[in-house]
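Below: one structure, written as structure tokens.
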């Protein structure tokens, strides 16, 4: 979740950290989220090498600038899939000046609850 724009150098460092940490599917939502899609794509090439990235190290990336957060969280839980590796964990990284941990966890949980 991107509440504010960040410096390119910092964004690149975080993107590389995500890739090196084993992130295999990154979804960006919020301010300038498409730049995170590109940044993580480049970090994936940097970490894995500019030649062919092995299938089990390929990081899927999407950005969701025109969608409500609830839809993005729904997508994360119900449709985001890696082509060769089973995804086991979800991490929510909220970039901004305020601590919104409880709000983000509640919103994610609500998006994972079937309507009925």
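Bear in mind these aren't lab numbers, they're just calculated from the coordinates by the rules spelled out. Owing to the predicted nature of the structure, the values given are computational and were not obtained by experimental measurement. FYI the Cβ positions are ideal-geometry reconstructions off the backbone, even for glycines, and counts take in every protein chain you see.
Table for the structure above
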| quantity | calculated |
| --- | --- |
| Förster radius 30 Å - calculated FRET efficiency between residue 34 and residue 86, Cβ distance, rounded to 0.05 | 0.65 |
| Gaussian network model of the chain, Cα within-10 Å springs - most flexible of 83, 97, 68 | 97 |
| Distance between segment 79-116 and segment 4-55 - C-alpha centres, whole angstrom | 18 Å |
| Extension gain, residue 7 back to residue 65 (0.36 nm per residue minus Cα-Cα distance, nm) | 19.0 nm |
| Candidates 72, 84, 46, ranked by Gaussian network fluctuation over the chain, Cα under 10 Å, top entry | 84 |
| Contact order relative to length of the chain, as percent, for alpha carbon pairs under 8 angstrom and 6 or more apart | 30 percent |
| Length added when fully stretched, residue 110-residue 51, from 0.36 nm per residue minus Cα-Cα | 17.2 nm |
